[in-house]
Each structure stands twice: as C-alpha cells, then as structure tokens.
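Here's the structure we're looking at; comments come further down.
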Amino acid sequence: MRRLVISLSVVVVLLVGIIATLGRGAMAQEATPSAMTQHPLVGTWIVDRHPDDPTEIPTYNVITADGGIIDPTVGAAGVWEATGPTTANFTLTGTIAEVGGYFLVHGSVTVDAGGGTATAAYSGTLFAADGTILDPEAQDTARYTRLTVEPQGTEGPLAGFPVWTPASAATPAP
C-alpha cells in the first residue's frame, strides 16, 4: 500500500510540473510584443528613390512585421526597427555582380498620418568585394506609396505608381 501512495505522489508531482511548464510556455507566447506588427511601415511600398530624376525607375520595398526588408527589383535584403509610432530606421544591402561589389543603404523613414505615403532620408555607398569604396556615400530622399489591393478588372495605371522616362528614351539616338 505504501508503494502505491508513493507512486501516486510521484505521478501527481510530475503532472503538476508538466502542466505548470505548459502554462508558462503559452503565457510566454501570448506576452510576445506585437508592436512591429502594428507599425504603419509594415506592408508593400512603391519607392521613388530619386523623385527629382525623371529617368529613375521606381522600385519596391516589402516591409515585414518581423523586421525584414526585401527589395525584389534590385535583389536587396535588409532589416528595420521602429524608432517611434510612425518612424523607423533601416539598413538595406545587395550585391552587384557587374561591378564585383555590393551597396549599403542606411536610412530613416516617416510614415504620414494616413499611412498611405512615407518619406525616407537615406545614404548609400557602393563597395568592392574587398571593402574598397567604389562610389562614396550619396544622400537623397525617397518617396514611398503604399501598394493597395485593386479590384479585378480595374483599368488604367497602378494607383500611386510614379511616371518615369527610361534613360534610353530620354536621349534620342543620333
């Protein structure tokens, strides 16, 4: 009889321990901050990197809730962090096979009150594979327009997409 009581006591202690451990794990997941998920920068943006240059082709930035940035147009990836309710800093980088190097962009972005547009001040530098600076830091301002869902059958250009003149069309051949 004594063995049965001891065995039951051990089982009860193990069950209480397991339940307590499972409860803490669930509470830890529920307590994970979701501030970045709610940040207005999260989403897909059309980016006009040089608004004053009519030949500059627009690009895209996909800003993820886990702190990532993807620019599929130029094959770049990066990270961002919130600095305020509508502001963030970012770092973006990508390789350029043609020059045997990579670019590095640092910036800060502010999303407007409506959440549909944003402005970024940024600087970018081009490096050789060995770290030599190929093109020194250049600073500029970019305009962001949030990409939104358009209903099927919508005609006309994409809302908010900047108009540009491709460089080949800007200078006529002799």
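The values are calculated or read from the model by the stated rules, or taken from the named source; none is laboratory data. Note that the structure is predicted; figures quoted are calculated from it, not measured. Positions of Cβ are backbone-derived with ideal geometry, glycine not excepted, and every protein chain shown enters the neighbour counts.
A few remarks follow.
- Scanning the range 130-143 for residues that are surrounded by 12 or more Cβ atoms within 10 Å (Cβ to Cβ) and either in a loop (DSSP other than H, G, I, E, B) or among the polar types (S, T, N, Q) (or both) returns a single hit, THR141.
- Test: residue in the range 112-121 that is in a strand (DSSP E or B), surrounded by fewer than 17 Cβ atoms within 10 Å (Cβ to Cβ) and of a type in the set (Gly, Ala, Ser): yes
- For LEU134: the one exception among (1) out of contact with any helix residue (DSSP H, G or I) (no Cβ under 7 Å at 6 or more places or on another chain); (2) assigned by TED's automatic domain parsing to the domain that holds GLY78: (1)
- Test: residue in the range 144-155 that is under 23 Å from TRP45 (Cα atoms), without any contact (Cβ under 8 Å) to a residue 40 or more places away in the chain and not in a loop (DSSP other than H, G, I, E, B): no
- Residue within the range 93-111 that is closer than 18 Å to PRO40 by Cα and more than 13 Å from the chain's Cα centre (by Cα) present: yes
- Among the residues examined, GLY153 does not qualify as in the same structural domain as VAL47 (by TED's automatic domain parsing) and loosely packed, with under 11 Cβ neighbours inside 10 Å.
- Index of the failed condition, VAL62 passing every other in (1) under 18 Å from THR145 (Cβ atoms); (2) in contact (Cβ under 8 Å) with a residue 40 or more places away in the chain; (3) of a type outside the set (S, T, N, Q): (2)
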